[in-house]
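First the structure, in the form of structure tokens, and then the observations on it.
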Amino acid sequence: MDNVVIGFIVFFYGSVFTSFFTLIGMRIPNEEPINGRSVCDQCRKVIPWYALIPVFGYFISGAKCVHCGERIAIKYPIYEFVGGLLFVLAYFYVMPNVFELVIVNIMLSLMIIVTVSDIEYKVVPNVVLLVFAPFIFGLRVFLPLLSDEVIMSTGEALTGGVVGFLFMWLIAWYGKMRFKQDALGGGDIKLYFVIGLFLGIRLVFLSLFFASILGIIIGRLVIKKMNPIPFVPFIFFGVIMTYVFGFDLLEWYLSLF
């Protein structure tokens, strides 16, 4: 099958999943059920099916609710488009390693949900981490024992998870002691256990470096007045950059010595 056709198919399914993950990310912090029909944010009436088509539904409905006429927030098609694009990039970057693609897609799903939750409510829901963490843990820890098609060993994944969690906990502890306020949310700390499992000990710190650099730049230039600044979107960026370029950057850095 042509790569363009495959790309469109993966994008469609990726945007569909992202639409659902956006719903989860916005409902769980409010303790709302995730199996109900999508409704308008303003009039709370059920949105028709054609308006729920990822990305395109926004334009089909004229960017307005068909019931009350209020404008639909542009953030929804943006979430869907970016999510669909990320699933496409993951597919072409990882294939033909099917095992790794499964792990990457699970990690993408987790990060989309917690990113939406953090942007909307400044919360990383524990229940989401509890659902996804066992899958990442199981695949990263036990898959190397069953298959050679893996990018890291069991020990590297476990060490990455533990070190990622402890390092973030130490940052939070120091921030609390030094500035008398929370420097990091508890969700960010627990999230880095999963990220450490996913990236391994060699890359986990690099992801935090990327996240911090982007956070500083955006925080100073764009969202100075937002307090607290949602950090998970920057973590998401750091994870992507590290997963794609991390080993090459480490190899280049070590070659300097």
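Just so it is clear, none of the values below were taken in a lab; they were calculated from the coordinates. It should be emphasised that the depicted structure is a prediction, and the values quoted were computed from it without experimental measurement. Virtual Cβ from ideal backbone geometry, glycine too; neighbours counted across all protein chains shown.
Miscellaneous remarks
- Gain in span if fully extended, Val244 to Tyr13, counting 0.36 nm per residue against the direct Cα distance: 81.0 nm
- The stretch between Arg44 and Leu221, if pulled fully straight at 0.36 nm per residue, gains 60.1 nm over its current Cα-Cα span.
- Selection from Gly7, Val88, Val123, by position along the positive dipole direction of the chain (Cβ): Val123
- Degrees, to the nearest 10: 204-221 long Cα axis against longest axis of the chain: 50 degrees
- The residue list Phe231, Phe137, Gly200 was ranked by how far each Cα lies along the charge dipole of the range 98-257 toward its positive end, using unit charges on Cβ atoms, and Phe231 comes out on top.
- Gaussian network model of the chain, Cα within-10 Å springs - most flexible of Ser38, Ser19, Ser109: Ser38
- Helical runs (DSSP H, four residues minimum) scored at -39500 (n - 2.57) apiece and divided by the length of the chain put the mean residue ellipticity at 222 nm at -23500 deg cm²/dmol.
- Spatially near lysine pairs across the chain, Cα under 30 Å, sequence gap of 8 or more or different chains: 23
- Proximal charge balance of Glu70 [Cβ under 12 Å; K/R count +1, D/E count -1]: +3
- D by Stokes-Einstein for the chain, Kirkwood Rh over Cα pairs, 10 °C, 1.306 mPa s: 81 µm²/s.
- Distance (nanometres) between label positions extended 7 Å along Cα→Cβ at Lys64 and Asn97: 5.0 nm
- Overall, the chain carries a charge dipole of about 1060 debye about its Cα centre when +1 sits on the Cβ of Lys and Arg and -1 on the Cβ of Asp and Glu, all other atoms neutral.
- Translational diffusion coefficient (Stokes-Einstein; Kirkwood radius from C-alpha pairs) of the range 1-95 at 10 °C, 1.306 mPa s, in µm²/s: 112 µm²/s
- The angle separating the long axis of helix 126-146 from the principal Cα axis of greatest extent in the chain is about 50 degrees.
- Comparing Phe205, Phe87, Phe56 in a Gaussian network model of the chain (Cα springs below 10 Å), the most mobile by mean-square fluctuation is Phe56.
- Residue order, fewest to most beta carbons within 10 Å, for Met152, Met177: Met177, Met152
- Using a Gaussian network model of the chain in which every pair of alpha carbons under 10 angstrom is joined by a spring, one finds that among Asp188, Asp41, Asp118 the greatest mean-square fluctuation is at Asp41.
- Working from Cα pairs under 8 Å separated by at least six residues, relative contact order for the chain is 16 percent.
- Net lengthening on full extension, Asn126/Glu251 (0.36 nm per residue, minus Cα-Cα): 41.4 nm
- Nonlocal amide H pairs with Val39, under 5 Å, H built at 1.01 Å: Ile47
- Counting neighbouring Cβ atoms within 10 Å and putting the fewest first, the residues Trp169, Trp252 line up as Trp252, Trp169.
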